[in-house]
Amino acid sequence: MAFYGLQDIHLIYPDYFPKPVYDFKKNPLKRSTVDLGRKLFYDPILSRDHTISCSSCHLPNQAFSHAGNHLSKGIEDGIGDRNSPAIFNLTWQKTFMWDGSVANIDVQALAPINHPKEMGEDINVVVRKLNQSKEYKMLFYKSFGDSLATSERLMKALSQFQLTIVSANTKYDKVKQGKAKFTSSENKGYQLFKQNCSSCHSEPLFSTYEFSNNGLPFNPELNDNGKWNKTFEPADKLMFKIPSLRNLTYTFPYMHDGRFKTLYEVLEHYEKGMVKSPTLAKELQKPIVFNSQEKEDLLAFLATLNDSVLISNVEFQKK
């Protein structure tokens, strides 16, 4: 196992994982700060009416997604713009959100906090609330050497906790480490995966975390063009961040708008549902067709990417 960190916590991950993208020199992992971040993550004080926390849309037993919900849900029965992405292995990601509009996890939480249909709160009001809490004053003192809560410290604490959420304890990982073997069906599915899926969902993270147009029919109700919504560059139209294939059992429904309830529907999309457009991924110019047995084998392999250790790890749950 490899590790990375500068203070009293090491980020532990397998040696076949790539080097972290996040610069821990600027925000070294520290136990007290991770603990503060975890408390903040589960605290609805971050929302305007004290009803929604980060964990409302990122539940630990659902691989930090919001299983069963097409779009994120917020204060006063508000409905967000997109499906809540699963948040694990963030330290290997350069950008955040489905459209990549946030380039640094240390400021990512501003987006849901400020979103009128999610947390609907002003970050300055959040900071004011934290500074009125004796408990938070003590926790900020432990982390930063004085008791003052600031927006920067709040963001760094939240990111520290989230950066420790590593998914690396699947059957696939055990096979990579020589501690288990794939079944015949899983191995056949693995070969199909490498032939048809790995260019976008590359091992071992099972995503390049780049952006792609995978041919989804445009949803006029949401009017969501992905990266184009922010950049207005023609090349960014319908480009969305490629999600990891780890933990798919826990993170349905699928796609940026949660339109597919099952993985069978996802496979059907790639076989006969893709819409041609100028930005359609070059890998998807032709349909991806599997027979029924191949589908079962591929799904058997994808099931080896589920991390039951992650979803039951008390270190990531509310204390």
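The values are calculated or read from the model by the stated rules, or taken from the named source; none is laboratory data. Just so we're clear, the structure is a prediction, and the values are computed from it rather than from any experiment. Ideal geometry is used to build each Cβ from the backbone, glycine not excepted, and the neighbour counts take in all protein chains shown. Keep in mind that these areas ignore ligands, DNA and RNA; they rest on the heavy atoms of the full protein, side chains included. Shrake-Rupley method; radii C 1.70, N 1.55, O 1.52, S 1.80 Å.
Of note:
- Filtered by the rule that a residue be within 22 Å of D49 (Cβ to Cβ), open to solvent by 20 Å² or more (accessible area, probe 1.4 Å) and not in a helix (DSSP H, G or I), segment 122-155 gives D122, Q132, S133.
- All positions within segment 184-219 that are open to solvent by less than 30 Å² (accessible area, probe 1.4 Å), among the polar types (S, T, N, Q) and not in a loop (DSSP other than H, G, I, E, B): S212, N213
- Residue within segment 169-181 that is in contact with a helix residue (DSSP H, G or I) (Cβ under 7 Å, 6 or more places away or on another chain), free of Cβ contacts under 8 Å to residues at least 40 places away in the same chain and either hydroxyl-bearing (S, T, Y) or not in a helix (DSSP H, G or I) (or both) present: yes
- Scanning segment 75-100 for residues that are touching a His at 6+ places or on another chain (Cβ under 7 Å) and not β-branched (V, I, T) yields G80, R82, N83, S84, W98.
Here is a yes/no grid of residues against (1) under 25 Å from K156 (Cβ atoms); (2) among the hydroxyl-bearing types (S, T, Y); (3) part of a loop (DSSP other than H, G, I, E, B):
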residue	(1), (2), (3)
D49	no, no, yes
I52	yes, no, yes
S55	yes, yes, no
H70	no, no, yes
D81	no, no, yes
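- Checked against the criterion of being within 19 Å of Y22 (Cβ to Cβ) and out of contact with any strand residue (DSSP E or B) (no Cβ under 7 Å at 6 or more places or on another chain), the candidates S147, S167 yield just one match: S167.
- Test: residue in segment 84-100 that is open to solvent by less than 20 Å² (accessible area, probe 1.4 Å) and hydroxyl-bearing (S, T, Y): yes
- Residue check for I79: touching a strand residue (DSSP E or B) at 6+ places or on another chain (Cβ under 7 Å), of a type in the set (A, V, I, L, M, F, W, C) and in contact (Cβ under 8 Å) with a residue 40 or more places away in the chain: no
- Selected residue [in contact (Cβ under 8 Å) with a residue 12 or more places away in the chain and either of a type outside the set (A, V, I, L, M, F, W, C) or touching a Gly at 6+ places or on another chain (Cβ under 8 Å) (or both)] from N27, N104: N27
- Scanning segment 234-283 for residues that are touching a strand residue (DSSP E or B) at 6+ places or on another chain (Cβ under 9 Å) and of a type in the set (D, E) gives D236, E265, E268, E283.
- Verdict on I87 being of a type in the set (V, I, T) and more than 16 Å from the chain's Cα centre (by Cα): no
- Restricting the first member to segment 202-231 and to residues that are closer than 14 Å to S277 by Cα, and the second to residues that are among the β-branched types (V, I, T), the beta-carbon pairs closer than 7 Å and six or more apart or on different chains are S212/I242; N213/T279; G215/V275; P217/V275.
- Filtered by the rule that a residue be surrounded by fewer than 16 Cβ atoms within 10 Å (Cβ to Cβ), in contact (Cβ under 8 Å) with a residue 24 or more places away in the chain and of a type in the set (V, I, T), segment 289-314 gives a lone residue, V309.
- Within segment 222-275, if we keep just the residues that are farther than 16 Å from H58 by Cβ, of a type in the set (G, A, S) and not in a helix (DSSP H, G or I), the residue that is most open to solvent (accessible area, probe 1.4 Å) turns out to be G273.
- Pairs where the first residue, in segment 82-98, is under 11 Å from P243 (Cα atoms) and the second is at pLDDT 95 or above and among the aromatic types (F, W, Y), C-beta under 7 Å, 6+ apart: P85/W98; A86/F64; I87/F64; F88/F64; Q93/Y209; W98/F240
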